[in-house]
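Structure first, then comments.
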Amino acid sequence: MAQHNELGKKGEQLAVNFLLKKGYNIIERNYRFDKAEVDIIAQQNDTLAIIEVKTRSSTDFGNPQDFVKPKQIQRLVKAIDEYVNVNGLDLEVRFDIIAIVKENNSFNIEHLENAFYHF
């Protein structure tokens, strides 16, 4: 597996562990619909949190959250609209980003709630 893929997988697992510690229930990982892949679908109380995980080895080219592009947001919204309808969910939906940057042998994790809106 390419090194950047390994870093991405590590980042997703770090994000899951982070969310579990904050009391989230992980419902789905790597949910796919059409051309979208949703990294994590989690629930906390009456909120369905849709989480895009961005992991980088440095911030030399920008912050991880800066790499979530409008087209990707559009695809995520479409996928989650389908997910909510198919599963008959009646929950608030929130789109978050978990930005992870590797710093030496550790990782800095930033959870950006309501990172973008779905309208």
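The values are calculated or read from the model by the stated rules, or taken from the named source; none is laboratory data. Since we're looking at a predicted model, the values are computed, not measured. Quick reminder, even Gly has a Cβ in these numbers, built from the backbone with ideal geometry, and neighbours come from all protein chains shown. These accessible areas exclude ligands, DNA and RNA; they are computed on the full protein's heavy atoms, side chains included. Shrake-Rupley method; radii C 1.70, N 1.55, O 1.52, S 1.80 Å.
List of remarks:
- Bridge orientation summary for the chain: considering DSSP beta bridges with both residues in this region, about 65 percent are antiparallel.
- Apolar share of the accessible surface for the range 42-119: 42 percent from carbon plus sulfur atoms, 1.4 Å probe.
- For the chain, the C-alpha radius of gyration divided by 2.2 N^0.38 Å, with N the number of residues, is 1.04.
- Selected from Phe33, Phe61, Phe95 as most flexible by GNM, with the chain as the system and alpha-carbon contacts under 10 Å: Phe61
- Residues of the range 71-119: accessible area per residue with a 1.4 Å probe, Å²: 64 Å²
- Accessible surface computed residue by residue for the range 1-40, with neighbouring protein chains in place and a 1.4 Å probe, gives 66 Å² per residue.
- Length gained when the stretch Lys78-Ile26 is fully extended (0.36 nm per residue, less Cα-Cα span): 16.7 nm
- Helix 70-86 and the long axis of the chain differ in direction by around 40°, with both axes built from C-alpha atoms.
- In a reduced charge model with +1 at each Lys and Arg Cβ and -1 at each Asp and Glu Cβ, the chain shows a dipole moment near 340 debye about its Cα centre.
- Separation of alpha-carbon centers, the range 62-108 and the range 7-32, rounded to whole Å: 11 Å
- Structural descriptor for the chain: relative contact order 23 percent, calculated from alpha carbon pairs under 8 angstrom and at least 6 residues apart.
- The range 52-102 - convex hull of alpha carbons, volume per residue in Å³: 75 Å³
- Computed lengthening from Leu89 to Gln43, 0.36 nm per intervening residue step minus Cα-Cα distance: 15.4 nm
- Where Asp39, Asp90 fall by accessible area, highest first, once all protein chains stay in place (1.4 Å): Asp90, Asp39
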